[in-house]
Every structure is written in C-alpha cells, then in structure tokens.
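Novice: What follows is a single structure, and I will ask about it in a moment.
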Amino acid sequence: MPRRSIAYLLVVVALLGGMAFAMVTTALQQSPTIDEPVYVATAEVLTQQHSVRYNPEHPPLGKLVMAAGLAFGDAELDPAYTGNQTQLGRHLLYETGNNPFRLMLLARLPMIVLTILIGLVVLGFARDLAGPWAGLVALALYAFSPDVIAHGSLATLDVPAAGMLLTCFWMLWRSRDRPRLYLPLAGLALGAALATRMSTLPAVPIVVALALLSPAVAGRSSKWWRELLMRALGAIGVGLIAVAVVWLVYLAVDPRLRWTTPVGVTNPGGLKGLAVDLLPLPKAYRDGVLIQFRFEARNFNGFLLGRAYRGSLWYYLPVALLIKTPLGMLAMWLAGVVTMLVRPALRIATLYLLLPAAALMLIAMTGARDYGTRYVIFMPIFLAVVSGTVVLIRWRFARVGVAALVAFVAVSSMLTFPYYLPYSNEAFGGTAKTHLNLHDANVDWGQDLGRLGNRLREKYPNETVWLVYKGSGAPGYYGIQGRNPLATTVALGDVHGLLVVSDSRVALAKGKLKQLIDSSTEIDNVGYSIRIYRR
C-alpha cells in the first residue's frame, strides 16, 4: 500500500478513534437522559416478550440495535408489569435489582458503533463528490460535531435515523452509474430509516423522485416511454424494498403482529388521516404516526434567548442551530453550499444533499416541540458532506482557510469535552452560558444526576439538600437525599441549605420556584446543566 494511502487511512482512524473516545467517555459519565429509559426498557420488551405495545410512536429497529448490546446484560424484567412506558423504564433500571449503569452502557455502545459507521458514509459520500481530501474534511467536521457526539453517545434514535437517510441518498447518488447494485441498497437504507423514526417519512417522496433519475435497471432504451417506464419501475422497487424492510422488522419482533390500538388514539380525518390510512405499513406503525400527530396537536413550554413561552416558534430550530453549531462549522456549511451551487458539476448533487436537508428542516420547523437540535441532527451530518466540497475552491490560500476553520471546529469541540450536550459556540458564551439561551435536550436532559451525587458527597457532605430535578433518573440511587421545596407543606422560610435545580426548571421558573431562586445565591453548577444555590 502506498505511503499516501497509509497516511490517509491513519488520519481516518485517528478521527474516528478520537470520536469514539469522546462518545464512550461521555456514555460512561452520564446518567440516563429523559428518553433513554423508555427506549431501553422497550428494547427488553421487544426481545423478551416479543411485543410492540410500548413506545409505538417510534418503530422498533433502533431499539433492536440497542437490544444487541443489552443481550449481554441479562436484565430482569417482570412480564406482568402494567405501568406506562415511563414507569417501565424506571422499573427496569431502578426497581428490579438491575445495574442501571451497566444496562445503559450496554445499550449505548451499539449506537456508538453505528455512529462511527455513519462517519464512514460521510467520508465515502464526500469522496465521491469531490475526492479524497473532501472526504477527510467532511469526516473531520462530523467527528468533531458536538451535537453528533452528544447524541451519538446516547441510546436514542436521532443519529441512527439521520445516518440511514444519508446512506440512502448516497446509494441513490451512486445508482446513477450502477442502478442494479445501488437502487436496492437505497431501498434497504430507506426502510431502515423508516423503521427507526417516523420523522423520516417526509423523505420518501424525495427518494422516489431521485430514483427516477437513475438509469433504467434493465439498461437504456431507444424509446423514451420505455426508458421512463423502466425508471418508474426502479423507483417503485426502491419503495417496495423500503416497505418490506419495515414489515420484516415488525415481523421479527412478533411474527403474529399482535396489536391493539391504544385508548384515545383516533384518526383525525382529512388529508392527514387519509395519508395514514394509505400507508402500506403495519397497523402498529400507522397508529404510531397517529400518536405523533396527537403530540403535535399539543402546546409545550419553550425557552429561547432567555425568554420562556408557551407553544412553538417557527424560527426556533434555526436559532438553536446557530447557537449550538461551532462557528467554524457554520462558515464551512456556508462555503460548501456556495461551492455546490456555483460549480456546474456539483449542482445535480444538491438534489441529494441540500434538497432533503432543506425539506426536512422546513418540516421540523413546523413542529410543536421546541426541545432541541436533536430534531434536526441530520443537518450537521448532511452538511458535513456538503462542506467537504470546499476543497475544490482554487482561490489563493483557500486550503489554508479550510484547514484553519476545521482546526477551529476541533478546538471548540475539544474544549467542551466531556460536556457535549450543553455545548454552545463562543459567540453565545460557550458551554457555560447555554442555559441562558436554551433548555431541555439542548443543555439539560437529566444527564448529570450521577455527577450531582458525586459533587454533593465530595464538596457538600451532610448539608440539607432541596432538589428540583427534571429527568428520568432516581436521585436516591445516586445517594441524593433531596427534599421537595415546592411541596405545599413547605414554606419559603423553611428552605435552608442547598437548593439544587435543573437548568430546564430554572429556565421556566415561575411562582414559588422563581421566588426561591431569586432569593438564593448561585454557588456551583454540575455539568453545566444543574445549578446549586445557597440559602
């Protein structure tokens, strides 16, 4: 193997190895986030009881990947337990004698491996577009993305679904030369995405349309109508393969496809209801879509740039991305978009990268839950590939500028280690100031309960603790004996000692909690997601 190839391979290994180290370290140090116990417990139900009755709003594939790691945990799960999915997660982790630390690590490790593999897709796609150096630039931006590291290290579904979609569009790009090989692979990747998160459904029309751009599988024909017909059959084949993947995933869990529609889940009628009825997917999947519609019909609390509100803001996600994306990465995104638009040879590639990213972004902006950039985690993944094309710029000092921007991203990312979830860029004060601009999964997703327990034992032993925690963890398991200052039997004057409040609660504080915070002195924070006050 030539020296240059060896050096290239070493750089790839170094980038992915560094990313793996960051993710594993993060996974080891963080307690369960709000969503993880539900997914982990559901994964156990899928494999032990062969039932899809829990967490139907998310298809099973991502949870089956988690189950591959959980298979080594021998978790005990009471088959007669009848609580809801949130209670089931707490029951599995904290009430049945299982080791929550071990179970969470076993569930997170397969997702970390999957995140690393997605990095290879980013590398390969960018290489196909603009050569080997483009692949390295794209991989570097992916590997140092704080959002990707943060969510790739968790037992959640956002990164896997986005990665499967990127794989689908890469296969579609390659199918322009070898449709017989890559169109079926595109269908498999699309099916995997659909079987992981329902939020990928809007990508289906784009995938089918792009499949039409691939040459006919049977070869070119001199008759235009025959050529068009064969291309249409190829596109239909992609869709059929994707549908088959979803069915196979549900059949793998329960070959009898047992399912009872949950109470309160009804078809809303109209175009939405008709679209759900027409989905050629299992009943459990279609009911899951209806559950998602029900979520979207509700109003949730939001917090942006220091202002709490009720409902959702159409510009929330763009602003949140602006806050949580490294400045060098934002510059690279912009340069990559411009490069693809001004270079004639790359304009067709915008249909495979910019079009799906923009379409999914616009749809996400209409969502009801202003909870975090995880809903658009596809942006740093797709735009990493786009950014790789800047190596084609032939301006003087262009390569130096690219290297400097990538280095800026790397430094910004490494400086936040191992606190990737609450990251924000330097223009907004860095990780230490994220809680002043954003809340929930952008900064505080309940991930620091274990760190809080350690901090209280080491720095504040034997002090009275008043706890207002947002998360799914069990404080007592981590040695935290906190009292509830918001209880109706507790007066303001009774709260003395340490007041410990999750940043998401601080952001939305009102009434008694706001009075408590305003009359206390902040003395410490844990993981940039939990405030400690002295009263």
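The values are calculated or read from the model by the stated rules, or taken from the named source; none is laboratory data. If you're wondering where the values come from, they're calculated on a predicted model, not measured in any experiment. Cβ sites come from the backbone with ideal geometry, for glycine too, and all protein chains shown count toward neighbours. Accessible surface areas use protein heavy atoms only, side chains included; no ligands, DNA or RNA. Shrake-Rupley method; radii C 1.70, N 1.55, O 1.52, S 1.80 Å.
Novice: With θ set to phi - 60°, apply the Karplus curve 6.51 cos²θ - 1.76 cosθ + 1.60 along region 414-419 and write out the HN-Hα couplings as whole Hz, x wherever there is a Gly or Pro.
Specialist: After applying 6.51 cos²θ - 1.76 cosθ + 1.60, I find 5, 5, 8, 3, x, 9 Hz.
Novice: Now, a different point. Going by accessible area, probe 1.4 Å, with all protein chains left in place, what is the ranking of SER51, SER312, largest first?
Specialist: Largest to smallest exposure gives the sequence SER312, SER51.
Novice: What are the residues whose amide H is under 5 Å from the amide H of ASP524, where those residues sit 5 or more places off or on another chain and H is modelled from the backbone?
Specialist: ILE532
Novice: Mind ranking ILE532, ILE523 by accessible surface for me, highest first, 1.4 Å probe?
Specialist: Final ranking, largest accessible area leading: ILE523, ILE532.
Novice: Over the chain, what is the relative contact order in percent, taking alpha-carbon pairs closer than 8 angstrom and at least six residues apart?
Specialist: With pairs under 8 Å counted, the relative contact order is 17 percent.
Novice: Expressed as a fraction of 2.2 N^0.38 Å, the rule-of-thumb size for a compact globular protein of N residues, what is the C-alpha radius of gyration of the chain?
Specialist: Working: Rg = 24.1 Å, N = 535, 2.2 N^0.38 = 23.9 Å.
So the Cα radius of gyration is 1.01 times the expected 2.2 N^0.38 Å.
Novice: How big is region 311-424 along each principal axis, measuring the range of its Cα positions in Å and listing the largest first?
Specialist: 48, 35, 17
Novice: Starting from the Cα gyration tensor of region 456-527, take the square roots of the eigenvalues, sort them a ≥ b ≥ c, and report rounded, prolate or oblate (rounded when a/c is under 1.5, otherwise prolate if a/b is larger than b/c, else oblate).
Specialist: rounded
Novice: Let me ask something else. Considering only DSSP beta bridges where both residues belong to the chain, give the percentage that are antiparallel (nearest 5).
Specialist: Roughly 70 percent of the beta bridges in the chain run antiparallel, per DSSP.
Novice: Can you tell me the orientation of helix 378-388 relative to the chain, as the angle in degrees between its alpha-carbon axis and the longest Cα principal axis, to the nearest 10?
Specialist: Once rounded, one gets 50 degrees.
Novice: Suppose R0 equals 60 Å. What FRET efficiency, 1/(1 + (r/R0)^6) with r the Cβ-Cβ distance, do ARG343 and ASN99 give to the nearest 0.05? Please list the in-between numbers first.
Specialist: Details: r = 54 Å, r/R0 = 0.90.
E(calc), rounded to 0.05, equals 0.65.
Novice: With every protein chain left in place, what is the accessible area of TRP225 in Å² (1.4 Å probe, nearest 10)?
Specialist: TRP225 exposes around 130 Å² with every protein chain in place.
Novice: Could you grab the relative contact order for region 407-462? Cα pairs under 8 Å, six or more apart, rounded to a whole percent.
Specialist: In percent, rounded to a whole number, it is 22.
Novice: I've got another one for you. Debye sum, Cα scatterers, region 265-337, no solvent: what log₁₀ I/I(0) at q = 0.11, 0.18, 0.23, 0.27 1/Å?
Specialist: -0.52, -0.82, -0.93, -1.16
Novice: With all protein chains present and a 1.4 Å probe, how do ARG394, ARG53 order by accessible area, largest first? Can you show the working numbers first?
Specialist: Values: ARG394 165, ARG53 105 Å².
So, going from the largest accessible area down, we get ARG394, ARG53.
Novice: Now for a different question. Consider just the alpha-carbon atoms of region 398-535 and return their Rg together with their Dmax, both in angstrom.
Specialist: 17.4, 66
Novice: Please work out how much length the chain gains when fully extended from ARG226 to VAL319, using 0.36 nm per residue of separation minus the C-alpha to C-alpha distance, in nm with one decimal.
Specialist: Answer, rounded to one decimal: 28.7 nm.
Novice: Let me ask something else. For LEU233 and VAL13 in the same chain, what is the full-extension length gain: residue separation times 0.36 nm, less their Cα-Cα distance, in nm?
Specialist: Numbers: separation 220, 0.36 × 220 = 79.20 nm, distance 4.02 nm.
Here the answer is 75.2 nm.
Novice: For the chain, take the longest principal axis of its alpha carbons; what is the angle in degrees between that and the long axis of helix 61-70, to the nearest 10 within 0 to 90?
Specialist: 60
Novice: Go through region 150-164 residue by residue and turn each phi into a ³J(HN,Hα) via Karplus (6.51, -1.76, 1.60, θ = phi - 60°); whole Hz please, and just put x for glycine and proline.
Specialist: Whole-Hz 3J(HN,Hα) from phi for region 150-164: 4, 8, x, 8, 10, 7, 10, 10, 5, 5, x, 5, 5, x, 5.
Novice: Take the Cα atoms of region 358-479, find their three principal axes, and give me the spread along each one in whole Å, biggest first.
Specialist: Here the spans come out as 64, 35, 23 Å, largest first.
Novice: Using the Karplus curve 6.51 cos²θ - 1.76 cosθ + 1.60 with θ = phi - 60°, what ³J(HN,Hα) values do you get for each residue of region 24-34, in whole Hz, with x for Gly and Pro?
Specialist: In residue order, the calculated couplings are 5, 4, 4, 4, 5, 8, 9, 7, x, 7, 4 Hz.
Novice: Given the Cα-Cα distance of LEU351 and ALA209 and 0.36 nm per residue of separation, how much length would full extension add, in nm?
Specialist: 50.1 nm
Novice: Take the Cβ-Cβ distance between ASP494 and ARG294 as r, set R0 to 45 Å, and report the resulting FRET efficiency rounded to the nearest 0.05.
Specialist: So, using R0 = 45 Å, E works out to roughly 0.65.
Novice: Let me ask something additional. Rounded to the nearest 20 Debye, what is the dipole magnitude of the chain about its Cα centre when Lys and Arg each give +1 and Asp and Glu each give -1 at the C-beta?
Specialist: Numbers: 48 positive and 29 negative charges, 291 e Å.
Dipole about the Cα centre, nearest 20: 1400 debye.
Novice: Given H placed 1.01 Å from N in the peptide plane, which residues other than close sequence neighbours of ARG483 have an amide H under 5 Å from its amide H?
Specialist: VAL465, TRP466, LEU467
Novice: Same structure, new question: Pick out, from ALA186, VAL289, HIS58, the residue whose Cα sits farthest towards the positive end of the charge dipole of the chain, with +1 on the Cβ of Lys and Arg and -1 on the Cβ of Asp and Glu.
Specialist: ALA186
Novice: Run the simple label-point estimate for VAL411 and LEU486 please: 7 Å along Cα→C-beta, distance reported in nm.
Specialist: 4.2
Novice: Any idea what the relative contact order of region 391-532 is, in percent, if you count C-alpha pairs under 8 Å spaced at least 6 apart? Don't skip to the end; give the middle numbers.
Specialist: Numbers: 166 pairs, mean separation 33.5, N = 142.
For region 391-532, the relative contact order is 24 percent.
Novice: What does the highest-first list of 12-21, 61-70, 79-88 look like by mean Cβ count within 10 Å?
Specialist: Result, highest mean Cβ count within 10 Å first: 61-70, 12-21, 79-88.
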